[in-house]
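Written out below as structure tokens is the structure these notes cover.
The values are calculated or read from the model by the stated rules, or taken from the named source; none is laboratory data. For clarity, every value in this text was computed on a predicted model and none was experimentally measured. Reconstructed Cβ throughout: ideal geometry from the backbone, glycine too, with neighbour counts over all protein chains shown.
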Amino acid sequence: MSGAVEHRLTEAGLLLPLASHALGAYLPAVRVGDLVFTSGQLPLVDGTLLATGIVGIDVDPDFAKTCAERCALNALRAASSVCDLDDIVRVVKLTGFVACAPGFITQPGVVDGASAVMTVAFGDAGRHAREAIGVAALPLGSPVEVSVIMQVRG
């Protein structure tokens, strides 16, 4: 089923991935009342990471931004397992983790890739509060991980 959100993404050259399975003992997304919380999403394409390693050493920051974009698309797909994406009225908060070396200070630029996806998908309602956090390592050696909190209509 393709709705307005998927149409806007497609028009921008962004395709929602097929649903994927959790990599552990958790759910990809949970809905509580009018909020949807996604689990941390990695830049997986057909079960394979787009890149592995440390941003600024093994992974170019521009490519890490592309990875963050993929994380956001995966988060939207996860959210679609518990709600209709067209019922999302606001992206409340996006948290991005960037695996990076000490001294790397451009985490916000990397996480901008994920933020841009939300703005394409939801327009002004996709603008959100955000954290861009540098960490030593992420699951499976991923360079980026993103989670999102969204408000859903009724």
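Below are the figures for this structure:
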{"item": "Verdict on Thr106 being of a type in the set (Ser, Thr, Tyr) and without any contact (Cβ under 8 Å) to a residue 40 or more places away in the chain", "result": "no"}
{"item": "Residue list for region 121-151, restricted to those being surrounded by fewer than 21 Cβ atoms within 10 Å (Cβ to Cβ) and closer than 23 Å to Glu11 by Cα", "result": "Gly123, Asp124, Ala125, Arg127, His128"}
{"item": "First in region 121-149 and farther than 17 Å from Pro61 by Cα, second anywhere and modelled with pLDDT under 95 and surrounded by 14 or more Cβ atoms within 10 Å (Cβ to Cβ), Cβ under 8 Å, 6 or more apart", "result": "Pro139/Leu23; Leu140/Leu23"}
{"item": "Flag for Glu145 being under 12 Å from the mean Cα position of the chain (by Cα), assigned to a helix (DSSP H, G or I) and either among the hydrophobic types (A, V, I, L, M, F, W, C) or at pLDDT 95 or above (or both)", "result": "no"}
{"item": "Region 55-96: number of residues that are farther than 17 Å from Gly113 by Cα and touching a residue at least 60 places away in the same chain (Cβ under 8 Å)", "result": "12"}
{"item": "Filter result (within 16 Å of the chain's Cα centre (by Cα), part of a helix (DSSP H, G or I) and within 18 Å of Leu35 (Cβ to Cβ)) within region 78-124", "result": "Ala78, Ala79, Leu85, Met118, Ala121, Phe122"}
{"item": "Cβ-Cβ under 9 Å pairs, at least 6 apart or on other chains, region 19-31 side at pLDDT below 85 and in a loop (DSSP other than H, G, I, E, B), far side surrounded by 11 or more Cβ atoms within 10 Å (Cβ to Cβ) and among the charged types (D, E, K, R)", "result": "Ala19/Arg77; Ser20/Arg77"}
{"item": "Residues of region 13-26 satisfying the condition of being over 20 Å from Asp87 (Cα atoms) and either among the aliphatic types (A, V, I, L, M) or out of contact with any Lys or Arg (no Cβ under 9 Å at 6 or more places or on another chain) (or both)", "result": "Gly13, His21, Ala22, Leu23, Gly24, Ala25, Tyr26"}
{"item": "Hey, Thr38 without any contact (Cβ under 8 Å) to a residue 24 or more places away in the chain and either within 21 Å of Val98 (Cα to Cα) or of a type outside the set (Val, Ile, Thr) (or both) or not", "result": "no"}
{"item": "Answer residue from region 27-82, given it is at positive phi and in contact with a strand residue (DSSP E or B) (Cβ under 9 Å, 6 or more places away or on another chain) and is surrounded by the fewest Cβ atoms within 10 Å (Cβ to Cβ) among those", "result": "Gly33"}
{"item": "Identity of the residue in region 1-26, within 17 Å of the chain's Cα centre (by Cα) and among the polar types (S, T, N, Q), that ends up surrounded by the most Cβ atoms within 10 Å (Cβ to Cβ)", "result": "Ser20"}
